[in-house]
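Presented below is the structure to which this report refers.
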Amino acid sequence: MSQRPTTANISIAKIRRKIYGDRADVIPFRLKKMEIEALYHARCTDLVVRPDEGRRKRFYELVVAKAAGHNLVLSGCGFGPNSASIIGELAQKYKFSNVVLTGNTFQDEGTIAFAESLKTCDCMCMLDLRSNDIGPAGMAALFSSLQVNSSVVVLDVSSLTGVTRNRLGDEGCQGLAKLLEHNRTLSFLSLSGAGIALDGARLFGQGLALNDALEHLNIAATSINSRSMSEISSILQHMDDNYSLKTLILDDNRFGNVGLEHLSKFLSKFRSLENLSLVNCGITAPDVLCEMIHTTNIKKLNLNSNTFTPKAGKAIGDMLAHVDCSLEVLKLHRCRIHDEGSMYLFQRLANAQNPSLYDLHLSENRLGDSAGQYIEKYLEKDSCKLEHLDLSSNALTEVGGVQIADGVLKNNTLVHINLSNNRFKDESALKFLQAAREWETRTIRIIEMRLNSISLSVLESVEAHLKRASESDKSKQVSGVQTEIDHLKEDEDYMLSLCKDIEDVQKGIESMQRMTREFDVHTETVVTEQKRQIKELTRDVDDMIDIRDQKMMELSALKSQLTDLKSESGIKQQVLTAKIENFRRQRYAMVGETRRKQRQLDASESNSDPVLLELQKKIKDEEENLDISKQLLSASAPVVKLEEPPHVKIEEPPIPKSRSKKRLGKSKSRKGLRKSKSKGHIVK
């Protein structure tokens, strides 16, 4: 059994030099060999083929060429469900911004695996999955992942003609409705050929009514008929004005005149719509659209391949002649306008006051010579602003060709006219040759007259004169460019002087910045010192506050002690007052007793002297005891400055001096009498 070939002999650098040459070092490439190897084996599994060294080298060259820079372009490489998950991981890992995977076969399984990487991918801007055989389940998974993705701006899941289709189905339309409702990043969406049924059209309309971010919408060939358009119209005609959608493509949907009527009901809701394409929609009478087109801002209208009646020309002419019509490009290829319709069309255009049309396509409309005179009259008008006119593949002959040539000779705006595949001969060609010779005073630069009965010499003359006109225009452009270069050189000199001034200013700015930095350093130092001082002051203040709080606590304690002392002194004062009152009563009692005894003594002078002496001594001792008790009470009382209540003041009762002296004299006289008696003397 042969050994499987390895990648040792494959050099990515050599492949890059082979493909890009000198640009190999400029264009970045970030994929690794092992990652390319894994992708190759997954592709072989999808294609059910055995790995081969030759295929491996070609695959390496393909990946190196297509996965350069921020682009990952791997279209038509046969990738299937096994490869889809690896591609999603690589796109997320290396942050590719543009991922093009057209023409592979991811199917539902691969799309679901690839969609998982989109949930966390924040760099992918464009995703192209056209014709990958994706079914409704895969579409629903893809749209569900994009609901939370905020980077994808362009999404193309359309189907190419003759290649495997992508299919929306009702499940995919439900996911699409949620995507349009919640996503505010997606601006380009292409669903061409994906198929939208009746229920899907209703869901699509509900999502579109809630979207305000989509700018380009392509739903061509999605099987939208008149009933589907009615469902969409019933929802969108009641929505708020939309200011985001600019391009709407509805090609190859055969909804006919009825569907066009439903479309016209909600078309004015899209205020920013500029480009409307209705190619091959089965429209025969565009009257409804023409009547309301002036209420929109549409500038490009494509009605190719619709089978109009001759009266459609009148409706289109009235539309273009309306004052508020802003249409600039009108394409009516293969619409069967005929001579009658062209008569109405160009007559109305010739009478228009402010036409904005500058590009008109009328190829394959069976226009005859009778249309030539109306085209001539229109081209002669000063109000004509037409620059491009396509009249190819009609039935114009010499008569009509001469008339159109006369109109071109009198026109000052037309640049390009296409007259190929008509019935012109040399006579009309010579007229156009005259217009070509007057190129210096005319704006005409391109006259296409292929597939006509015109001699080669006349055609060469026309082409030669127009070539000279183009060369002259180029020389004028070159001279204009040279003048522009001279102006740029002057501007460059001025800019150099400005650069010098800017350098001086920059030097001044640098010096100012240096001074500013020094000032900032000094300021920072001062601020740091001030902060330090503030911290110290704060700390001192905190200490002082602590001391104050401590003193306040001590003061509170002293106040409480003082209150206690006051209460205690009040109690002691009350006790002292009671004692003093008691002593005072005792003294009064003793004084009264003394006075009583004195009166008794005075009354009975027969009492002996020793008894009287003993009584006086007792009185004296009592007085001394009273003084000692006063001193003890004053010494034991606390030193508190208190106001003595008025009832505490002690006053001794007055003793009448005269009476006491008298009694004392009597007592002396009695003593003398007793002495004299004791001696045996009688004293009177």
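The values are calculated or read from the model by the stated rules, or taken from the named source; none is laboratory data. Keep in mind that what you see is a predicted model, and the values were worked out from it rather than measured. Methodologically, a virtual Cβ is constructed for each residue, glycine included, from the backbone with ideal geometry; neighbour enumeration extends over all protein chains shown. Heads up: the accessible areas ignore ligands, DNA and RNA and are worked out on the full protein's heavy atoms, side chains in. Shrake-Rupley method; radii C 1.70, N 1.55, O 1.52, S 1.80 Å.
Which one of F96, I112, H216 is farthest out on the positive end of the charge dipole of the stretch 86-238, using unit charges on Cβ (Lys, Arg +1; Asp, Glu -1) and the Cα centre as origin?
Going by the Cα projections, it comes out as H216.
Stretched out fully, how many nm does the piece from I545 to K300 gain, at 0.36 nm a residue minus the Cα gap?
Result: 79.7 nm gained on full extension.
So if R0 is 60 Å, what FRET efficiency would Q533 and L198 give, r being the distance between their Cβ atoms, rounded to the nearest 0.05?
For Q533 and L198, the calculated efficiency is 0.10.
State the volume of the convex hull built on the alpha-carbon positions of the stretch 405-461, expressed per residue in Å³ and rounded to an integer.
69 Å³
Going by Cα centres, the stretch 533-580 and the stretch 393-414 are how many Å apart?
121 Å
Of the accessible area of the stretch 27-184, with the probe set at 1.4 angstrom, what percent is carbon plus sulfur?
Looking at the stretch 27-184 in its full context, I get 52 percent from C and S.
Hey, with R₀ at 30 Å, roughly what FRET efficiency would D501 and E524 work out to, going by the Cβ-Cβ distance, to 0.05?
FRET efficiency, D501 to E524: 0.35.
Mind checking the dipole of the stretch 63-137: about its Cα centre, +1 per Lys or Arg Cβ, -1 per Asp or Glu Cβ, Debye to the nearest 20?
Result for the stretch 63-137 is approximately 260 debye, rounded to the nearest 20.
Roughly how many debye, to the nearest 20, is the charge dipole of the stretch 99-201 about its Cα centre, given +1 on each Lys and Arg Cβ, -1 on each Asp and Glu Cβ, and no other charges?
With only Lys, Arg, Asp and Glu charged at Cβ, the dipole is about 200 debye.
State the dimensionless ratio Rg/Rh of the stretch 253-411 (Rg: radius of gyration of Cα atoms; Rh: Kirkwood radius).
Across the stretch 253-411, the Cα-based Rg/Rh ratio is 0.96.
What's the whole-number percent of alpha carbon pairs in the stretch 191-301 lying beyond 18 angstrom?
Summing the P(r) tail past 18 Å for the stretch 191-301 gives 44 percent.
Going by average Cβ neighbours within 10 Å, how do the peptides 591-601, 537-547, 259-269 rank, with the highest at the top?
Ranked by mean Cβ neighbours within 10 Å, highest first: 259-269, 591-601, 537-547.
Note down, for the stretch 106-166, the three equivalent ellipsoid semi-axes (square root of 5 times each alpha carbon gyration tensor eigenvalue), biggest first, whole angstrom.
Its equivalent ellipsoid spans semi-axes of 20, 13, 8 Å.
Can you give me the C-alpha center-to-center distance between the stretch 204-243 and the stretch 127-150, rounded to a whole angstrom?
20 Å
Roughly speaking, what % of Cα-Cα pairs in the stretch 516-604 are separated by over 19 Å, rounded to a whole number?
Above the 19 Å cut-off, the stretch 516-604 has 75 percent of its Cα pairs.
Once the Cβ-Cβ distance between V153 and V415 is put in as r, and R0 is 56 Å, what FRET efficiency do you end up with, to the nearest 0.05?
About 0.95, to the nearest 0.05.
For the stretch 262-315, what value does the Rg/Rh ratio take when both radii are computed over Cα atoms and Rh is the Kirkwood radius, given to two decimals?
Reported Rg/Rh (Cα atoms, Kirkwood Rh): 0.95.
Just to be sure I follow: if Rg is taken over the C-alpha atoms of the stretch 104-225 and Rh is the Kirkwood radius over the same atoms, what is Rg/Rh?
0.92
Take peptides 114-120, 366-372 and line them up by average Cβ neighbours within 10 Å, highest first, as a rough protection proxy.
Highest mean packing first, the order is 366-372, 114-120.
Residues of the stretch 213-258: accessible area per residue at 1.4 Å, in Å²?
Per residue, the stretch 213-258 has an accessible area of 42 Å².
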